[in-house]
Amino acid sequence: MKMEVALVVGLLLIACMPLTAFSCGEIQSQLTPQMYIQPSKINATKLGEIFNVSVNIQNVYASERLIGFQFRIQYNKTLLKAIEAYEGPFLSQFPNRPEPPYTYFIKYIEDDPFYGPNVLIGIILLPDDTGHWTNFPNGSGTLATVTFQTIYRPVEPSPPLTCGLNLTDTMIIDDSINEISHRTESAIYSIQPLRPPKITVSNYTATLLGEIFNVSINVRDLDSDWRVVIVQFRLQYNPMLLDAIEAYEGPFLSQFPNRPEPPYTYFIKYIEDDPFYGPNVLIGIILLPDDTGHWTNFPNGSGTLATVTFKAKTQPSGGQKPVIQCLKLNDTMLINDTIGEVPYTTTFGIYQINPLTFTFEPVKPSAGEVVIFKVNEPETHATIQYTWNFGDGTIENTTEPIISHVYATPGKFNVSLTCTMDGAITSAWKIIDVGFYMPLDVKVDVGSIHFNGEIAQFYILVTQFGKPVDVTGLSAILYYDGTPCMDLSTKIQKVDRGLYIASFTIPGDFKPGTYTLLVAAEYYQVKGASIKSFLVSSTLSGFISGITGQIATITSGLNVLKLNLTTINAKLASLDGEVATISTTLGNLTTTTRNINLTVTEINGDVATISTTLGTLHGKVLAIEGNVTKIATIQTDLGIVKADVSDILKTTSSVSEKQGTLISLVTAAIILALLAAAASLFILLKIRKT
């Protein structure tokens, strides 16, 4: 009550000062002043959480001549701690003095016998030096801000805890020390309960004897308010079903380091057969403190604490039920930084291993068709001995989970599989219905006619029962006159499933005539073959549409071909404008000068040097025409050709001079010829006249 006394005394002293008399006009429709706490609802989620509330005023009118406020904020000291209180900016906006301070602010954080834990605040707007007020507050604003800290959280299943932040013992005083009627609005504080973390074990379903797999032990919804620094647990398992191989620390706790450098945790493990707990994996993890022995960064959230690696020791045979076993957590502890135990819940893991099974494709095979038998193999497993009995008298042992078999005759066969590992045995069986025999279907496409030097492409398609298959063996031998002349097997490349291509250049010394390609294919034990013939012709006519290196693309009446120019002894035979004729051992071909890359590389006087794909030529420049693009007409031994010489004339000044000289000489020759003709005509006329 001492603060309240001080506040009242202060107000009385002020009241004794001479007051300036003035009259107030009549106020109509004036709202009642209201003090309220903002925010009106506070929902805390963490222990130690710090938050602010403000006490505000609204509906203040200057005509009410307000000069002072007093109020208390009551709270539950079990849940909250009041840390500090600060004056708000509202009253100081209305100074009555030439210099600050403009207000007098007093506060007490106390546990009053009558009001209980509360924050008591009083604010007085100071008068001017004569003890009078002339500038009275109006409008709305913040009177004070109070800082609280959360000091307690309930634990589930307790519900959230709430308490009021109650405005009480409120007063608004005018300059006549009269209380002003007003309204108040308090606030509600709520703290969410602390949920116990959950320790869980992941489930796993194995499919094969000897399968090696991992089980993770995880923590979920761990709140940092628990301040956990130590985790311990045992994972119990059935040794008849599983072998525990190894245990590793998970990444969760190391995400919350308290030290500047690793290691951030200390991890211990034991794979043991305890007299009390039986076969188990014992794991302990300590979050190491800082160099002073304290923790400031506590784990929060969800993640993996540890991973344990197991191996399946047994498996039910086909037709039996799956084996299901619990992976149980026991001797579990979560310890905080004060060595207190933290409550938790656990969820055990389920381990299941299914009966052995296998598949085969195709489901309805025919005699002679390759059947692929497969065990659903996991990524990691121990070495297993697979014994296959195909039911037709064939038994095979292997360590691979995939095997092929061909049934020679149709019928129903009982296929059995036995898996053996370290003395453990499991088995499965199925009936396979085999139909009648069907060999591989091999189709070959070699075209109808080819030429020496041509880059030929032969296509091969292998199918079985109408479906393309990737063969296990493929050969292609070329025959001429009943004798093998070329092995193309190494030139075969896969294009797509069941589709292959053999590309090669037909040699220049191949004799004209009929050639036959024999293709033989194998798909495991199933075989198939096919032959196809084509003609090698000694004559060819056509148009070369393009040349890349020494490979020419030729358009003939038959097809678009690719030939090696060197193989067919291609030579430039004649030139006619922009048309070039090329002689080969197969006949003459035509093309454009552009396709043989005809280019004038030099002009020396009236002699031009011409480069082509088929060699170099020299010729005499007859004329150069054009303004922007200069086209030269050149006489060569193979004929007249036209070529663009713009680049040469641009880059070689001497060439330009030669061009001018050449034109001048031609012009002079024409003029001399005209003068000679005129002189002859004059002499003839003179003779006739005489």
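The values are calculated or read from the model by the stated rules, or taken from the named source; none is laboratory data. For clarity, every value in this text was computed on a predicted model and none was experimentally measured. Using ideal geometry, Cβ is built from the backbone for each residue, glycine included, and neighbour counts are taken over all protein chains shown.
Odds and ends about this structure:
- Residue match in region 262-270 (condition: in contact (Cβ under 8 Å) with a residue 60 or more places away in the chain and not hydrophobic (A, V, I, L, M, F, W, C)): no
- Test for THR553: is it closer than 23 Å to THR585 by Cβ, hydroxyl-bearing (Ser, Thr, Tyr) and in the same structural domain as THR592 (by TED's automatic domain parsing): yes
- Considering PHE252, PHE310, the condition of being within 21 Å of ARG195 (Cα to Cα) and surrounded by 17 or more Cβ atoms within 10 Å (Cβ to Cβ) is satisfied by PHE252 alone.
- The requirement of being surrounded by 16 or more Cβ atoms within 10 Å (Cβ to Cβ), in contact (Cβ under 8 Å) with a residue 60 or more places away in the chain and not acidic (Asp, Glu) is not satisfied by ALA529.
- Taking region 100-176 and the strands (runs of 3 or more DSSP E) fully enclosed by it, the elements with 3 or more residues that are in the same structural domain as ILE42 (by TED's automatic domain parsing) and within 14 Å of GLU87 (Cα to Cα) are at 103-112, 116-125, 139-150.
- Candidate set from region 618-644 (those that are within 60 Å of the chain's Cα centre (by Cα) and outside any loop (DSSP other than H, G, I, E, B)); member that is surrounded by the most Cβ atoms within 10 Å (Cβ to Cβ): ALA643
- Given (1) touching a Pro at 6+ places or on another chain (Cβ under 9 Å); (2) of a type in the set (S, T, N, Q); (3) crowded, with 16+ Cβ neighbours inside 10 Å, index of the condition GLN352 fails: (3)
- Residue in region 406-421 that is touching a helix residue (DSSP H, G or I) at 6+ places or on another chain (Cβ under 8 Å), of a type outside the set (Ser, Thr, Tyr) and under 29 Å from ILE531 (Cβ atoms) present: no
- Pairs linking a residue in region 91-115 that is of a type in the set (Gly, Ala, Ser) and modelled with pLDDT of 95 or more to a residue that is surrounded by 14 or more Cβ atoms within 10 Å (Cβ to Cβ) and assigned to a strand (DSSP E or B), with Cβ atoms under 8 Å and 6 or more positions apart or on different chains, are SER92/THR103.
- Among the candidates THR357, THR387, THR398, residue that is within 30 Å of THR309 (Cα to Cα), surrounded by 15 or more Cβ atoms within 10 Å (Cβ to Cβ) and over 39 Å from the mean Cα position of the chain (by Cα): THR387
- The single residue among SER54, SER63 that is within 18 Å of THR184 (Cβ to Cβ) and of a type in the set (Gly, Ala, Ser) turns out to be SER54.
- Flag if GLY284 is at positive phi and either in the same structural domain as VAL323 (by TED's automatic domain parsing) or outside any strand (DSSP E or B) (or both): no
- Condition met for ASN138 (among the polar types (S, T, N, Q) and under 22 Å from PHE71 (Cα atoms)): yes
- Filtering region 36-69 to residues that are of a type in the set (Gly, Ala, Ser), closer than 28 Å to PRO127 by Cα and in a strand (DSSP E or B) leaves SER54, GLY68.
- Lone qualifier among THR150, THR134, THR170 - being in contact (Cβ under 8 Å) with a residue 60 or more places away in the chain and surrounded by 17 or more Cβ atoms within 10 Å (Cβ to Cβ): THR150
- Against the test of being buried (at least 16 other Cβ atoms within 10 Å of the Cβ), touching a helix residue (DSSP H, G or I) at 6+ places or on another chain (Cβ under 6 Å) and assigned to a strand (DSSP E or B), the options ILE603, ILE610, ILE582 yield a single qualifying residue, ILE603.
- Meeting the requirement of 1 or more residues that are more than 45 Å from the chain's Cα centre (by Cα) and within 30 Å of LYS364 (Cα to Cα), the strands (runs of 3 or more DSSP E) wholly within region 404-516 are 411-421, 424-434.
- The lone criterion from (1) modelled with pLDDT of 95 or more; (2) crowded, with 16+ Cβ neighbours inside 10 Å; (3) out of contact with any Ser or Thr (no Cβ under 8 Å at 6 or more places or on another chain) left unmet by ILE14 is number (1).
- Qualifying residue in region 227-245 (condition: in a helix (DSSP H, G or I) and either aromatic (Phe, Trp, Tyr) or touching a Ser or Thr at 6+ places or on another chain (Cβ under 7 Å) (or both)): no
- Only one entry of LYS311, LYS321, LYS374, LYS328 meets the criterion of being assigned to a loop (DSSP other than H, G, I, E, B) and either among the charged types (D, E, K, R) or under 35 Å from the mean Cα position of the chain (by Cα) (or both), and that entry is LYS321.
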